[in-house]
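Here the structure comes first, spelled out in structure tokens, and everything after it is commentary.
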Amino acid sequence: MAAHGILHRDRDARVELLNGQVVDHMRAGPMHEGVRSWLTEKFVLIDVDRWTTFARSPIDLDEYSLPEPDVSIVRRREDFYCKAYPTAADVLLLIEVADLSLLYDREEKLPAYARVGIPEVWIVNLVRRVIEIFVDPAQGKYAGSEQVEFGGTVRSRALADVEIDTAEFFDRV
């Protein structure tokens with residue numbers, strides 16, 4: 001829509017399409033950006049051969065939803081998704097960093113991710129200082145969830161051998 005002049009965006013604006021609605025986001029604060037950057041770098045350094053890590057890049061859920069999660073871990077492709085955005089079938093793990101967006105991420109984005117079968121979603125809850133992990137999507141909901149406090153170790157089910165010691169980051173801030 002921006003390319004056709006329907007949306008007039010400045011360079012710093014953040015919008016995404018979710019459930020047929022164009023959603024405008026506020027600019028992220030320094031903590032939000034720092035956490036997103038750290039997680040992106042962490043997943044790149046863990047393994048660059050098994051998956052591709054994107055930051056704020058669109059995921060094509062369906063014809064009505066093209067959200068931009070903070071961090072996306074997707075199946076590796078030789079073309080690096082130059083021909084099309086990753087789809088739900090390509091996603092291994094999505095991460096949303098949330099402070100002002102916490103309610104939106106939980107009530108709007110999480111059900112959309114579950115509806116299309118994204119196997120695992122993390123919400124890095126900057127308000128409560130926990131990482132909320134959601135797994136086992138079924139009928140628009142996640143059947144399994146757990147929380148890990150900042151400074152703890154997060155284990156991914158979708159990336160079976162991946163553990164992240166969040167103390168590396170959160171003990172410094």
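Values in this text are rule-based calculations from the coordinates and carry no lab data. Small disclaimer: the values here were computed from a predicted structure and weren't measured. Methodologically, a virtual Cβ is constructed for each residue, glycine included, from the backbone with ideal geometry; neighbour enumeration extends over all protein chains shown.
In order along region 167-173, the Karplus-derived 3J(HN,Hα) couplings, from 6.51 cos²θ - 1.76 cosθ + 1.60 at θ = phi - 60°, round to 4, 3, 9, 6, 6, 8, 10 Hz, and Gly and Pro are given as x. Computed extension length for residue 56-residue 87: 9.7 nm, one decimal, from 0.36 nm per residue of separation with the Cα-Cα distance subtracted.
Once you have a ≥ b ≥ c as the square roots of the Cα gyration tensor eigenvalues for region 93-173, tell me rounded if a/c is under 1.5, and otherwise prolate or oblate according to whether a/b is larger than b/c. Since a/c reaches 1.5 but b/c is at least a/b, the shape of region 93-173 is classed as oblate. Model label points for residue 79 and residue 47, set 7 angstrom from Cα along the Cα-to-Cβ axis, are 2.5 nm apart. About the centre of its Cα atoms, region 90-133 shows a dipole size close to 120 debye [charges on the beta carbon of Lys, Arg (+1) and Asp, Glu (-1) only; nearest 20 debye]. Dipole magnitude for region 105-173: about 260 debye, using +1 per Lys or Arg Cβ and -1 per Asp or Glu Cβ, origin at the Cα centre. Separation of region 92-113 from region 120-173 is 12 Å, based on Cα centroids. Along the axis of the charge dipole computed for region 116-173 (Cβ charges of +1 for Lys and Arg, -1 for Asp and Glu, origin at the Cα centre), the listed residues 124, 167, 150 are led at the positive end by 124.
Assuming a ≥ b ≥ c are the square roots of the Cα gyration tensor eigenvalues, decide whether region 41-112 counts as rounded (a/c under 1.5), prolate (otherwise, with a/b larger than b/c) or oblate. Cα axes put region 41-112 in the oblate bin.
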